[in-house]
Amino acid sequence: MAASFAILTVLLLAAAPAAGDVDWHKVGDETADVLSDVLRIDTQNPPGGETAAANALARKLEAAGIESEVFESAPGRGNLYARLPGTGAGRPIILLAHLDVVPADGRGWRLPPFAGVREHGYVYGRGALDAKGIAAIELMTVVTVARSRQPLDRDVILLATADEEAGGKAGAGWIVKHRPELLANAEYLLTEGDHIHVRAGGRKVVQVAVAEKTPCWVKLTAHGDAGHAAVPPPQTAVTRLVRALDKLRRYRTAVKLVRPVEAYFAALAPLEKDPLRGKLADLGESLQDPIFFAEFTRNPRQNALIRNTITPTVLQGSTKTNVIPEQATAELDCRLLPGERPADFIVLLREVIADDNVRVESVLSFPASSSDADSGFMNAVRKLAAAEFPGSPVVPSVIPGFTDSHYFRDHGIDSYGFVPFVLGEDDEKTVHGVNERVSIENLRDGVRRLVTLLRSLPR
Ligand SMILES: [Zn+2]
């Protein structure tokens with residue numbers, strides 16, 4: 001009995017390498033293969049067509065002995081869900097990535113955007129970073145933990161979703177609304193948003209997005225009498241619309257330094273030399289100085305982090321030069337700071353426009369929220385950073401764009417934008433651009449760092 005037990009133990013140990021025994025080189029290669037496969041499936045949104053990509057990931061999980069479910073929010077709009085059980089000592093963590101991509105016009109690309117080509121240590125394709133590369137490392141993290149046969153303290157929930165690039169209503173939003181039981185009791189969520197930056201001079205900064213600005217997309221509709229453009233009345237739908245837009249163009253939104261933004265710049269301050277170091281350390285005070293204010297806000301990203309923004313994008317009037325249309329419309333992409341209420345902002349827009357003939361309506365908006373910058377999750381990131389990048393600060397950041405995080409923050413889950421890739425500007429600018437790519441080194445280290453992070457989360 002004792003002897004056979006010993007043999008069984010030996011067999012189990014042979015089949016279950018310790019975390020330190022993982023062949024990371026092989027894992028990196030395997031992750032690159034998963035990514036190439038899924039990059040070859042065209043999921044440009046619109047229309048998305050994410051089901052095929054979700055199915056490809058489900059097959060990979062199945063081969064590793066992990067059950068998953070693919071469900072559609074609408075025909076072709078597939079979402080993948082899988083759960084790797086832990087011991088139950090801690091609450092679940094969700095790993096989220098989206099499967100849709102923004103359009104890519106292959107003419108500008110050096111390599112075709114939907115071929116998943118590997119070249120000189122990189123995998124190329126639309127979505128390599130945003131966000132199929134993230135889905136690939138999250139999936140391989142789950143597979144690697146499963147293979148180790150050393151369960152985590154908590155369940156890991158893997159979600160690969162549709163529609164993020166168009167607002168997520170057919171993906172993350174749909175899941176929160178229609179399948180909330182899949183997320184029950186989850187404590188944390190990890191998704192895109194920020195990463196490990198390489199600054200000029202090679203210094204690394206580990207940034208974790210804890211808050212983001214929120215969209216408040218608005219449609220303006222101006223009305224007037226239709227008619228022949230040869231005999232125009234003093235005001236038409238088009239001139240009313242132009243006047244409204246001009247008022248908005250002249251309007252300066254108030255400067256508001258919200259707490260997460262103040263903390264973000266204060267955390268970046270030590271990386272700078274004086275006098276900038278001192279200025280960023282107390283941004284509230286520094287912005288009182290008109291010279292510094294002008295300098296700071298000249299950077300569009302910095303400017304966007306201290307005020308709500310109003311950006312006209314879509315315009316529509318007549319389709320014929322000699323016809324005055326009955327209505328003219330404009331769409332505004334407004335972005336609000338954490339803590340702002342979209343309904344209040346719409347009221348403000350109406351006041352600025354001050355014309356009853358121009359209808360102002362909301363097209364898309366979410367309340368803006370943020371996550372705890374001092375949670376157990378953040379502490380685990382700090383531990384990871386200390387071990388991997390000694391001396392590199394961990395900076396809780398605020399991003400001017402938005403991700404699917406808000407659906408989960410509103411659902412009570414602390415959500416973090418953190419992809420453990422080390423990226424320089426050359427790589428960053430390929431996101432939504434041409435020749436999007438991710439290095440196989442990042443894929444390999446990304447999985448390794450995620451496994452480490454999950455293993456070091458406090459209960
Ligand atoms: Zn994305």
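The values are calculated or read from the model by the stated rules, or taken from the named source; none is laboratory data. These numbers were taken from a predicted model, which means no experiment stands behind them. Glycine gets a Cβ as well: all are built from the backbone with ideal geometry, and neighbour counts include every protein chain shown. Surface accessibility is based on the protein's heavy atoms, side chains included, excluding ligands, DNA and RNA. Shrake-Rupley method; radii C 1.70, N 1.55, O 1.52, S 1.80 Å.
Residues in region 166-188 that are within 16 Å of the ligand (Cβ to nearest atom) and either in contact with a Lys or Arg (Cβ under 7 Å, 6 or more places away or on another chain) or assigned to a loop (DSSP other than H, G, I, E, B) (or both): G167, G168, K169, A170, G171.
From the list P396, P400, the one residue that fits, being away from the ligand (no atom under 16 Å from the Cβ) and not hydroxyl-bearing (S, T, Y), is P396.
In a residue-by-residue description of region 112-120, the property of being touching a helix residue (DSSP H, G or I) at 6+ places or on another chain (Cβ under 9 Å), within 16 Å of the ligand (Cβ to nearest atom) and within 15 Å of V438 (Cα to Cα) applies to at least one position.
Residue-wise test of (1) open to solvent by 70 Å² or more (accessible area, probe 1.4 Å); (2) closer than 30 Å to V261 by Cβ.
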site: N308; (1), (2): no, yes
site: Q316; (1), (2): yes, no
site: T329; (1), (2): no, no
site: D333; (1), (2): no, yes
site: P338; (1), (2): no, yes
site: R341; (1), (2): yes, yes
site: I346; (1), (2): no, yes
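It is to be established whether one or more residues within region 418-437 are away from the ligand (no atom under 15 Å from the Cβ), touching a residue at least 40 places away in the same chain (Cβ under 8 Å), among the small types (G, A, S) and touching a helix residue (DSSP H, G or I) at 6+ places or on another chain (Cβ under 6 Å). No; the residues of region 418-437 include none that is away from the ligand (no atom under 15 Å from the Cβ), touching a residue at least 40 places away in the same chain (Cβ under 8 Å), among the small types (G, A, S) and touching a helix residue (DSSP H, G or I) at 6+ places or on another chain (Cβ under 6 Å).
Can you tell which of E67, E72, E30 is of a type in the set (D, E), on the phi < 0 side of the Ramachandran plot, modelled with pLDDT of 95 or more and surrounded by 16 or more Cβ atoms within 10 Å (Cβ to Cβ)?
Values: E67 fails: surrounded by 16 or more Cβ atoms within 10 Å (Cβ to Cβ); E72 fails: surrounded by 16 or more Cβ atoms within 10 Å (Cβ to Cβ).
On inspection, the qualifying residue turns out to be E30.
Scanning region 348-377 for residues that are part of a strand (DSSP E or B) and surrounded by fewer than 17 Cβ atoms within 10 Å (Cβ to Cβ) gives R359, E361, S362, V363, L364.
Let's see how each residue does on (1) surrounded by 20 or more Cβ atoms within 10 Å (Cβ to Cβ); (2) away from the ligand (no atom under 11 Å from the Cβ); (3) farther than 30 Å from P215 by Cα; (4) modelled with pLDDT of 95 or more:
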site: D130; (1), (2), (3), (4): yes, no, no, yes
site: A135; (1), (2), (3), (4): yes, no, no, yes
site: T141; (1), (2), (3), (4): yes, yes, yes, yes
site: R147; (1), (2), (3), (4): no, yes, yes, yes
site: E164; (1), (2), (3), (4): yes, no, no, yes
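Within region 189-203, the set of residues being at pLDDT 95 or above, away from the ligand (no atom under 16 Å from the Cβ) and not β-branched (V, I, T) comprises just one member, H197.
Within region 95-111, the set of residues being within 16 Å of the ligand (Cβ to nearest atom) and either open to solvent by 10 Å² or more (accessible area, probe 1.4 Å) or over 13 Å from the mean Cα position of the chain (by Cα) (or both) comprises V102, P103, A104. Answer with yes or no whether V206 is crowded, with 19+ Cβ neighbours inside 10 Å and part of a helix (DSSP H, G or I). When the stated conditions are applied, V206 does not pass them.
Residues are listed down the side, and each one gets a yes or a no for (1) away from the ligand (no atom under 16 Å from the Cβ); (2) farther than 30 Å from Q327 by Cβ:
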position	(1), (2)
D355	yes, no
E361	yes, no
S365	yes, no
A368	yes, yes
A373	yes, yes
L384	yes, yes
F408	no, yes
G412	yes, yes
